[in-house]
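**Student:** Shown below is the structure under consideration.
The values are calculated or read from the model by the stated rules, or taken from the named source; none is laboratory data. Because the structure is predicted, anything quoted here is derived from the model rather than measured. A quick note on method: Cβ atoms are made from the backbone with ideal geometry, for glycine too, and the neighbour counts reach across all protein chains shown.
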Amino acid sequence: MAARHIRTYIATGRQKHGSEAAIHAKNGQPGSLIAAMRDKLKRGGWRSPYRLRKQVVEPVFGQIKQAMGFRQFLLRGLAKVTAEWQLVCTAHNLLKLVRAAS
């Protein structure tokens, strides 16, 4: 990743909601990749792109699974599964628009 100039982020521990960062002090020996990532996450603080991962897409999957009850695909084949997923996402977005309008 470094050769391609891609900034990567990996979890060094578990992050509970409301905690400052996903940094676990015990993880990683000094000089290891995990220790380097822990330091990188500490430097980023509240502005870290890694921290935004819970705000972007993951809640949508939870809403689709919990509120809409979508747990598995009913069709087989990539084209049919893609169409089914697009239908589920369209329904989710329409529900959001209806709730916003009322």
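**Student:** May I ask you to say which residue of LYS40, LYS26, LYS80 is more than 30 Å from THR90 (Cα to Cα), of a type in the set (Lys, Arg) and modelled with pLDDT of 75 or more?
**Tutor:** So the residue among LYS40, LYS26, LYS80 that is more than 30 Å from THR90 (Cα to Cα), of a type in the set (Lys, Arg) and modelled with pLDDT of 75 or more is LYS40.
**Student:** Does ARG71 qualify as being under 18 Å from ILE10 (Cβ atoms) and either surrounded by 11 or more Cβ atoms within 10 Å (Cβ to Cβ) or at pLDDT 90 or above (or both)?
**Tutor:** Here the answer is no, as ARG71 does not meet what is asked.
**Student:** Give region 1-23 a look and list any residue that's hydrophobic (A, V, I, L, M, F, W, C) and at pLDDT 65 or above, or say none.
**Tutor:** MET1, ALA2, ALA3, ILE6, ILE10, ALA11
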